[in-house]
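The values are calculated or read from the model by the stated rules, or taken from the named source; none is laboratory data. What you are looking at is a predicted structure, and each value in this text was computed from that prediction instead of being measured. We place every Cβ from the backbone using ideal geometry, glycine too, and count neighbours over all the protein chains shown. Ligands, DNA and RNA are stripped out before the accessible areas are found, and what is left, the full protein with its side chains, is counted by its heavy atoms. Shrake-Rupley method; radii C 1.70, N 1.55, O 1.52, S 1.80 Å.
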Amino acid sequence: MHTIFRKEIIELLNGDAREIFKKADSVRKKFCGDKIYIRGIIEFSNHCCRSCLYCGLRRENKNILRYRMLPGQIITLANQIAQQGIKTVLLQSGDDFGYNRKALSNIIYKIKNANPEIAITLSLGERPFDDYKAFKDAGADRYLLRHEAANPKLYARLHPGNTLKRRIKILEYLKKLDYQVGAGNIVGLPGQTLGDLADDILLIKRLDADMAGIGPFIPQSETPLKNFPFGNLDLTLKILALTRIITENTHLPVTTALATLSPEDGLVMGLKAGANVIMPDFTPEGYRKQYQIYDGKVRINLKRTGDVILKAKRKISLEKGDSLKCKKPQKACACI
Ligand code: SAH
């Protein structure tokens, strides 16, 4: 594939969606096959010390019942997910320092020790670098940390006190620690341009991310962005599709935000526009309702996961679904 430029991406974003989806689907088939990988999510805490303008977990939100699952509850639930044959458990939370390095390492160690066949993915936000190292040593395999917005000014506006530079530095450090790393962004953020979105795709490519989570902006009623419009469905699918075309074998999930934006068929459309991963939610009912990163968050359960895969005419994979990127040092690698 020739090097794609920002200008070309913007032109494609302005063009016909069907052509892009068709191309993305064939690239997906060639580089990822027909399997859909399943990741079971546990949203184990909605405490957060950050103030991201779009997110309902932001610390300024007082209209939310905060919860923190106990380590034993998290471990039991992870074991149950593994017993159902799902080989990735994703632990997600707000940026919550209520669990320290040792507590989280213990949880990770115990889950991995009881289920050596599974991958553990973390999505815990920004922490001291030594935490990432400790979690890796305890048995974590992957880390999801969306870059959120590749335009540094937009990033700074949306994340008071934080910078894109630091986010990228963390992603690069995670790679160095040998995590499989997930970046990704929100589509339709207030003030975002098509150029910014082109930069999102190019950043995912430059980072050589093993995964990328891409979903639409959904307003949340307790945030400063509550009155801004939803991200556009077609544009989100186009970004997903172009990310597939440009990065070829990156794992791309259909996101819960996409299902929330288009409850009828958002997920099927996502799978037909280049995605190859789905993440059913195992968070216990009472807690799930409190994990309101945005309004109306739908639940993707295991039954729905199966239905969606069937409807998209794809195959459920019960494999671990590691990165499809070549992990050998570039010089020794015959695949480039
Ligand atoms: N604290 C973790 C997890 C955050 S929640 C972290 O910082 O990585 C997971 C993802 O939800 C975020 O990365 C963000 O991209 C997405 N998200 C949060 N609020 C959203 C909103 N209003 N609309 C769409 N996506 C949102």
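Which residues, counting only those in segment 128-145, are more than 18 Å from Met279 (Cα to Cα) and more than 16 Å from the ligand (Cβ to nearest atom)? So that I can check it myself, show each step before the final result.
Taking segment 128-145 as the starting set, the residues that turn out to be more than 18 Å from Met279 (Cα to Cα) are 128-139.
Of everything in segment 128-145, those that are more than 18 Å from Met279 (Cα to Cα) and more than 16 Å from the ligand (Cβ to nearest atom) turn out to be Asp130, Lys133, Ala134, Lys136, Asp137, Ala138, Gly139.
Please go through segment 78-100 and pick out each residue that is in contact with a Gly (Cβ under 9 Å, 6 or more places away or on another chain), open to solvent by less than 70 Å² (accessible area, probe 1.4 Å) and away from the ligand (no atom under 14 Å from the Cβ).
Result: Ala78, Ile81, Ala82, Ile86, Lys87, Thr88, Val89.
Limited to segment 165-175, what total is found for residues that are within 13 Å of the ligand (Cβ to nearest atom) and either open to solvent by 10 Å² or more (accessible area, probe 1.4 Å) or under 18 Å from Ile120 (Cα atoms) (or both)?
Here is the first cut: in segment 165-175, the residues within 13 Å of the ligand (Cβ to nearest atom) are 166-167, 170-171, 174.
Next cut, either open to solvent by 10 Å² or more (accessible area, probe 1.4 Å) or under 18 Å from Ile120 (Cα atoms) (or both) only: 166-167, 171, 174.
Residues in segment 165-175 being within 13 Å of the ligand (Cβ to nearest atom) and either open to solvent by 10 Å² or more (accessible area, probe 1.4 Å) or under 18 Å from Ile120 (Cα atoms) (or both): 4 in total.
Looking only at strands (runs of 3 or more DSSP E) that lie completely in segment 66-152, which have at least 3 residues being not aromatic (Phe, Trp, Tyr)?
Numbers: elements: 88-93, 119-123, 142-144.
In segment 66-152, the matching strands (runs of 3 or more DSSP E) lie at 88-93, 119-123.
Quick grid of which residues meet (1) open to solvent by less than 20 Å² (accessible area, probe 1.4 Å); (2) on the phi < 0 side of the Ramachandran plot; (3) touching a strand residue (DSSP E or B) at 6+ places or on another chain (Cβ under 6 Å):
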{"position": "Gly182", "(1), (2), (3)": "yes, yes, yes"}
{"position": "Leu197", "(1), (2), (3)": "yes, yes, no"}
{"position": "Glu222", "(1), (2), (3)": "no, yes, no"}
{"position": "Glu264", "(1), (2), (3)": "no, yes, no"}
{"position": "Met279", "(1), (2), (3)": "no, yes, yes"}
{"position": "Gln290", "(1), (2), (3)": "no, yes, no"}
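Does Ile111 satisfy the condition of being crowded, with 16+ Cβ neighbours inside 10 Å, within 16 Å of the ligand (Cβ to nearest atom) and either over 20 Å from Phe282 (Cα atoms) or of a type outside the set (D, E, K, R) (or both)?
Details: crowded, with 16+ Cβ neighbours inside 10 Å: yes; within 16 Å of the ligand (Cβ to nearest atom): no; either over 20 Å from Phe282 (Cα atoms) or of a type outside the set (D, E, K, R) (or both): yes.
It is false that Ile111 is crowded, with 16+ Cβ neighbours inside 10 Å, within 16 Å of the ligand (Cβ to nearest atom) and either over 20 Å from Phe282 (Cα atoms) or of a type outside the set (D, E, K, R) (or both).
Please enumerate the residues belonging to segment 10-25 that are in a helix (DSSP H, G or I) and open to solvent by 60 Å² or more (accessible area, probe 1.4 Å).
Glu11, Leu12, Asn14, Arg18, Glu19, Lys22, Lys23
Going by the structure shown, is Gly56 open to solvent by less than 10 Å² (accessible area, probe 1.4 Å), of a type outside the set (D, E, K, R), touching a Pro at 6+ places or on another chain (Cβ under 7 Å) and over 17 Å from Phe97 (Cα atoms)? Break it down into steps so the answer makes sense when it comes.
Numbers: open to solvent by less than 10 Å² (accessible area, probe 1.4 Å): yes; of a type outside the set (D, E, K, R): yes; touching a Pro at 6+ places or on another chain (Cβ under 7 Å): no; over 17 Å from Phe97 (Cα atoms): yes.
For Gly56, the condition - open to solvent by less than 10 Å² (accessible area, probe 1.4 Å), of a type outside the set (D, E, K, R), touching a Pro at 6+ places or on another chain (Cβ under 7 Å) and over 17 Å from Phe97 (Cα atoms) - is not met.
Within segment 26-42, can one find any residue that is more than 22 Å from the chain's Cα centre (by Cα) and open to solvent by 30 Å² or more (accessible area, probe 1.4 Å)? Talk me through it step by step, then tell me what you get.
Initial filter on segment 26-42 (more than 22 Å from the chain's Cα centre (by Cα)): 26, 30.
Filter once more, so that each one left must be open to solvent by 30 Å² or more (accessible area, probe 1.4 Å): 26, 30.
Yes, segment 26-42 contains at least one residue that is more than 22 Å from the chain's Cα centre (by Cα) and open to solvent by 30 Å² or more (accessible area, probe 1.4 Å).
Taking the residues in segment 186-237 that are in a loop (DSSP other than H, G, I, E, B), of a type in the set (D, E, K, R) and in contact (Cβ under 8 Å) with a residue 24 or more places away in the chain as candidates, determine which candidate is farthest from the ligand (Cβ to nearest atom). Working first, answer last.
First, the residues of segment 186-237 that are in a loop (DSSP other than H, G, I, E, B): 188-193, 208-210, 217-232.
When the remaining residues are screened for being of a type in the set (D, E, K, R), the result is 208, 210, 222, 226.
Still in the list and also in contact (Cβ under 8 Å) with a residue 24 or more places away in the chain: 208, 210, 222.
Values: Asp208: 19, Asp210: 16, Glu222: 11 Å.
Here the answer is Asp208.
Out of Gly125, Gly72, I need the residue that is out of contact with any helix residue (DSSP H, G or I) (no Cβ under 8 Å at 6 or more places or on another chain) and within 16 Å of the ligand (Cβ to nearest atom). Which one? Full working, then the answer.
On the way: Gly72 fails: within 16 Å of the ligand (Cβ to nearest atom).
Answer to the selection: Gly125.
Test each condition in (1) on the phi < 0 side of the Ramachandran plot; (2) open to solvent by 10 Å² or more (accessible area, probe 1.4 Å); (3) touching a helix residue (DSSP H, G or I) at 6+ places or on another chain (Cβ under 6 Å) for Lys153 and report the one that comes out false.
Failing condition for Lys153: (3).
Which pairs turn up if I take residues in segment 54-68 that are more than 17 Å from Tyr155 (Cα to Cα) and of a type in the set (Phe, Trp, Tyr) and look for partners that are in a loop (DSSP other than H, G, I, E, B) and open to solvent by less than 100 Å² (accessible area, probe 1.4 Å) with beta carbon separation below 9 Å, at least 6 apart in sequence or on another chain?
Short answer, once both residue conditions are applied: Tyr67/Asn46; Tyr67/His47; Tyr67/Gln290; Tyr67/Tyr291.
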